[in-house]
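The values are calculated or read from the model by the stated rules, or taken from the named source; none is laboratory data. Note that the coordinates shown come from a computational prediction; the quantities given were computed from them, not determined experimentally. Glycine also receives a Cβ, built like all others from the backbone with ideal geometry; neighbour counts cover every protein chain displayed.
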Amino acid sequence: MKSDLERIILDTIDIPSLPTVAMKALELINDDGASINELEKIISQDQSFSARLLRIANSPYYGMNRRIDTISSGVMLIGFNTMKSLVVAASLKDMHRKFGLFEQKLWEHSLGVSVASSLIAKVTKMVQPEEALVAGLIHDVGKTILNNSLPDKYTLVSQKVYEEGAFFKDVEAEFLGYTHCDVGGLIARKWKLPKNLEIVIEYHHTESLPVFEDSAFEALCQIVSVADAICLSLSIGLKGPDNVKVPYNVLGLSESGYNKFLELFKANYAEQKAKLTE
Ligand SMILES: [Fe+2]
Ligand SMILES: [Fe+2]
């Protein structure tokens, strides 16, 4: 079943390429004999990429108590696996073939989900905030890929989403026969992303989750999906249906606790957006 779907996807879309620097970095990380110095050399060749990567690593919501000033100290602190996720997160903006209004909104949505996810992780202590931050940034990578690969069709998808107040996944299934989650999961496996991120990318819209080998995967998925609903309900970035319900009770929050959380989130999002777009 799965492989049929994968074949259909691979027949209709291009395998996206990451920016060269990110591809080289991922190749090196996936190679067992990789050294930190080699990785630093590759990433430092692209000044703006390495600056963006360090900016994400030093975001106050990343959970680090120490400043990461260099790629090598970053790898020592967070490990190769997390560095892999950071490399992909830092590439997202460059992956868009054009950067118009839709791409801007998708970027704002991803940033919003990322800030909300890491704050939820901090408040609930369900997972590490840095894991949640990166998961939020890349959860909708399937939309970026679809938008690059099938620009005309995807414009129709987003038009219908906006006109009818529908969900992207439903309109995608209707127009394409698969969703950004299917595409994202496939690409996550191709890029050999860490398993927790592959699961978030593939299952963040699935209501009853399958049983995963690690229960932390389920917690991360729930956090990102609540963060996604929060951003849709506040119209941060991409718009969704008008009356999106935020299932904050899965986080163990009361209504007043949730309202307080929203104020904290709105202030943090504005601050983070100003920093990342400067
Ligand atoms: Fe999504
Ligand atoms: Fe999303």
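Specify the residue that is surrounded by the most Cβ atoms within 10 Å (Cβ to Cβ); the eligible residues are those in the stretch 119-143 that are at pLDDT below 95 and in a loop (DSSP other than H, G, I, E, B). Ranking the candidates gives 127 first. All conditions but one from (1) away from ligand 2 (no atom under 16 Å from the Cβ); (2) surrounded by 19 or more Cβ atoms within 10 Å (Cβ to Cβ); (3) touching a residue at least 24 places away in the same chain (Cβ under 8 Å); (4) small (Gly, Ala, Ser) apply to residue 74; the one that does not is (3). Can you name every residue in the stretch 94-118 that is of a type outside the set (A, V, I, L, M), buried (at least 16 other Cβ atoms within 10 Å of the Cβ) and under 15 Å from residue 151 (Cα atoms)? Scanning the stretch 94-118 gives 96, 102, 103.
Contact map, the stretch 193-209: first residue touching a residue at least 24 places away in the same chain (Cβ under 8 Å) and under 19 Å from residue 168 (Cα atoms), second residue within 13 Å of ligand 1 (Cβ to nearest atom) and not in a helix (DSSP H, G or I), Cβ cut-off under 7 Å, separation 6 or more or different chains; pairs are 200/139; 201/139; 204/139. Taking the listed residues 202, 213, 174, 207, the one that is assigned to a loop (DSSP other than H, G, I, E, B), farther than 16 Å from residue 92 by Cα, within 16 Å of ligand 1 (Cβ to nearest atom) and out of contact with any strand residue (DSSP E or B) (no Cβ under 8 Å at 6 or more places or on another chain) is 207, with no other qualifying.
Mind checking which residues of the stretch 207-234 are under 18 Å from residue 166 (Cβ atoms) and away from ligand 2 (no atom under 13 Å from the Cβ)?
Once the filter is applied, which keeps residues that are under 18 Å from residue 166 (Cβ atoms) and away from ligand 2 (no atom under 13 Å from the Cβ), the stretch 207-234 yields only 207.
Here residue 146 passes the criteria (1) within 12 Å of ligand 1 (Cβ to nearest atom); (2) outside any helix (DSSP H, G or I) except the one numbered (2). From the set of residues in the stretch 221-252 that are more than 15 Å from ligand 1 (Cβ to nearest atom) and either touching a residue at least 40 places away in the same chain (Cβ under 8 Å) or assigned to a helix (DSSP H, G or I) (or both), which is surrounded by the most Cβ atoms within 10 Å (Cβ to Cβ)? That would be 248.
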